[in-house]
1. Would you mind stating whether Thr366 is at pLDDT below 95 and in contact with a Pro (Cβ under 7 Å, 6 or more places away or on another chain)?
2. State the number of residues belonging to segment 114-143 that are part of a loop (DSSP other than H, G, I, E, B), of a type in the set (A, V, I, L, M, F, W, C) and surrounded by 22 or more Cβ atoms within 10 Å (Cβ to Cβ).
3. Which ones in segment 258-292 are hydroxyl-bearing (Ser, Thr, Tyr) and without any contact (Cβ under 8 Å) to a residue 40 or more places away in the chain?
4. Arg315 - would you say it is assigned by the TED database to the domain that holds Ile347, of a type in the set (Lys, Arg) and over 30 Å from Pro391 (Cβ atoms)?
5. Within the bounds of segment 329-347, is there any residue that is open to solvent by 10 Å² or more (accessible area, probe 1.4 Å), modelled with pLDDT of 95 or more, among the basic types (Lys, Arg) and in a helix (DSSP H, G or I)?
6. Can you tell me which residue in segment 159-182 is farthest from Lys208 (Cα to Cα), limited to those that are small (Gly, Ala, Ser) and surrounded by 13 or more Cβ atoms within 10 Å (Cβ to Cβ)?
7. Output the residue which, of all residues in segment 247-266 that are in contact with a Gly (Cβ under 9 Å, 6 or more places away or on another chain) and at pLDDT 95 or above, is most open to solvent (accessible area, probe 1.4 Å).
8. Consider Ile387 against the criteria (1) of a type in the set (A, V, I, L, M, F, W, C); (2) over 21 Å from Glu288 (Cα atoms); (3) open to solvent by 10 Å² or more (accessible area, probe 1.4 Å): it satisfies all of them except one. Which criterion is unmet?
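The values are calculated or read from the model by the stated rules, or taken from the named source; none is laboratory data. Here the structure is a predicted model, which is why all the values come from computation and not from measurement. Note that each Cβ is placed from the backbone with ideal geometry, even for glycine, and that neighbours are counted across all protein chains shown. We work out accessible area using only protein heavy atoms, side chains counted, and drop any ligands, DNA or RNA first. Shrake-Rupley method; radii C 1.70, N 1.55, O 1.52, S 1.80 Å.
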Amino acid sequence: MSMLSASPSSSHHLVVIPPTTTFRNRRLTGSSLIRSRLTMSLDNNNNNNNFSSLLSSVTKLLWGRSLPPGLLVTTVRTAWNSTWQLMMSQLAPSDPTGGYSRPASKFRFSGPPPNGLHLYVGLPCPWAHRTLIVRALKGLEDAVPLSVASPGMDGSWEFKRVGNTGQVISPSLDKANGCKTLKEVYRLRSGGYDGRSTVPMLWNKDSKDVVCNESYDIIQLFNSGLNGLAGNPDLDLSPPELKGKIEEWYQVIYPNVNNGVYRCGFAQSQEAYDRAVNELFCTLDKLEDHLSNSRYLCGDTLTLVDICLFTTLIRFDIAYNVLFKCTKKKLYEYTNLHAYMRDIYQIPKVADTCNFQEIMDGYYITLFPLNPGSIRPIMPSTSEHEILCRPHGRESLSSSTEPVFVK
């Protein structure tokens, strides 16, 4: 995921906020009323003389406590709409109706897996989150080392070390190449690279090349292509007898839920938003009904398609419901869907892949066109770890007494 684009290996970009301008604390002189009143305002502001206080002083001088004049409002609205359209054309390419058109992944996996694999992810990204979960469940942590990027202030993925967050995965330095940004890593490949630098990205340390940046290809590889290196090779998240059902469900959830929330948030016309939000909630209603008598999407067995749905659901109430205007219902209002999400969250190792602080920062602070003030709302109580660990009761839906997940 690029934070200004969200390909199936999605990431985010942002628009840089103008830096704060500071002024020296000095008394202005002269007979000008404007300069006099500005001086009083500046002196009374405890020397916190930044751009915001200066602008506030000017606006108070020009129109006091009343609202800005209509002409100014109209001018600013027109300018902002034009700028928004320009930014959104880069953030979310659209079709003629204003609907979000997701760019295809550039690097697809084919052939036998090479040696020296290294995984690059970003924690806000649901597409990258898929790869983290399958990597953990299969026990590939040692076989496929990990570097975790964070959204930078220019919108690109960058590497930085953060404080200890316990067992939960957190941002890191680039452990494979020592680069400062993910763009630098992509450009290390032979011939360079000028496209979107998205996550997840699977890298070959030996050949210094991109193996794959399509999330679904990566989770399929992790599930069955690296069993000789896996700590849990017996776990199969795509058993042969369920491949047809998995593909059938994926064709439902990918366009309407996984990509559906982005189609709502990145819609550039009312028509496109209305279409996307209706398809999203119609699909959630169908899933709610289906999960009333099925523990997972394909029955008693956890599969790749459940992982793909989970990474959208876990972000729904904390990000998509608010920022992407998916407001018809909160996920918490879906009894079966929320319990299903808790069921997967409570599988060993899954919770450690869910860094809610990084997820919320990635959406509310990085997606500037959708949240210009970069104010991050408080996390809903229903998405807190303690709530997600409450009993889900879905074991009663399994026809088998054998555990779905071992180790």
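1. Considered against the rule, which asks whether it is at pLDDT below 95 and in contact with a Pro (Cβ under 7 Å, 6 or more places away or on another chain), Thr366 comes out as yes.
2. Counting residues in segment 114-143 that are part of a loop (DSSP other than H, G, I, E, B), of a type in the set (A, V, I, L, M, F, W, C) and surrounded by 22 or more Cβ atoms within 10 Å (Cβ to Cβ) gives 3.
3. Thr283, the sole residue that qualifies.
4. No: the conditions fail for Arg315.
5. Scanning segment 329-347 turns up at least one residue that is open to solvent by 10 Å² or more (accessible area, probe 1.4 Å), modelled with pLDDT of 95 or more, among the basic types (Lys, Arg) and in a helix (DSSP H, G or I).
6. Ser170
7. Only one residue fits best here, namely Tyr254.
8. The number of the failed condition is (2).
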